[in-house]
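Each remark here refers to the structure printed beneath this line.
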Amino acid sequence: MSEEIVKEVTEEVTEETEETAAETNSVWAGFEEKMKANTVITVEIAGVVKSGVVAYIDGVRGFIPASQLSTEYVEDLESWLGKMVDVMIIEAKEDEKRLILSGKKVARREERKKKFEAITVGSVLEGTVESLQPYGAFIDLGDKISGLVHISQISTKRIKTPEDVLAVGDKVTVKVLSNEKRKISLSMRAVLEDAKKEEEAAAPKEETFHYKEKGKASTNLGDLLKDIQL
């Protein structure tokens with residue numbers, strides 16, 4: 001083989017290798033971006049291994065541990081074969097060719113979203129004081145969901161700081177004022193005001209009698225004294 005042919009073949013192989021490497025780097029860079037953005041990717045379960053299942057993203061083998069398939073315990077991995085599953089990337093290491101996926105993370109995010117949506121404006125909830133700030137108190141409503149009671153909504157009286165009324169760990173009753181973009185605004189004052197209104201409405205009312213004279217009296221002073229002899 002002549003030197004020119006060898007040189008030409010070498011250059012072609014080098015170009016192809018560089019292109020393949022660039023494409024591979026681009027794919028893994030994309031994985032990193034998707035992982036940081038918590039992007040949801042739909043994959044098909046292509047294989048079952050000892051401790052989980054396998055799925056492919058852009059031609060790269062991804063591994064889903066059995067513990068990351070669902071929020072519930074998975075006993076039969078074979079039953080997942082061929083299923084379409086929404087996953088997020090939780091680990092991407094190009095040097096180790098390690099791509100770890102999670103369906104549980106997606107499921108938990110959906111569950112959390114539903115729990116937020118279930119907290120409707122006007123509902124009254126029980127919670128625990130999680131932390132106190134100069135501007136108000138954060139209340140733990142359970143399921144890792146918190147809401148803020150602004151200092152103006154803590155009491156029916158004017159207070160200088162939340163510490164005047166509350167302490168971390170206190171159990172409180174709150175009313176939901178708003179729930180937008182997963183920011184929940186709460187009020188303790190509204191609960192107290194509502195209770196007062198109900199108490200006033202339930203209290204018995206005093207009866208008032210209005211007397212109205214119907215006609216003139218038929219007896220006057222002269223009639224009363226006419227039969228009296230002095």
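In the range 152-173, the residue that is surrounded by the most Cβ atoms within 10 Å (Cβ to Cβ) out of those that are within 10 Å of residue 189 (Cβ to Cβ) and of a type outside the set (S, T, N, Q) is 154.
Within the range 120-139, being surrounded by fewer than 17 Cβ atoms within 10 Å (Cβ to Cβ) and either more than 13 Å from the chain's Cα centre (by Cα) or not hydroxyl-bearing (Ser, Thr, Tyr) (or both) holds for 121, 122, 123, 124, 126, 128, 130, 131, 133, 134, 135. For the subset of the range 140-151 comprising residues that are hydrophobic (A, V, I, L, M, F, W, C) and in a loop (DSSP other than H, G, I, E, B), which member is surrounded by the fewest Cβ atoms within 10 Å (Cβ to Cβ)? So the residue we want is 145.
One residue stands out among those in the range 86-119 that are open to solvent by less than 40 Å² (accessible area, probe 1.4 Å), under 16 Å from the mean Cα position of the chain (by Cα) and of a type outside the set (Gly, Ala, Ser): the one that is farthest from residue 155 (Cα to Cα), which is 106. Taken as a whole, the range 106-124 holds at least one residue that is part of a strand (DSSP E or B), at pLDDT 95 or above and over 30 Å from residue 41 (Cβ atoms).
Filtering the range 167-192 to residues that are assigned to a strand (DSSP E or B) and not aliphatic (A, V, I, L, M) leaves 171, 173, 175, 178, 179, 180, 183, 185, 187.
The values are calculated or read from the model by the stated rules, or taken from the named source; none is laboratory data. These numbers come from a predicted model, not from an experiment. With ideal geometry, Cβ positions are generated from the backbone for all residues, glycine too; neighbour counts draw on all protein chains shown. Protein only, heavy atoms only, side chains kept; ligands, DNA and RNA dropped before computing areas. Shrake-Rupley method; radii C 1.70, N 1.55, O 1.52, S 1.80 Å.
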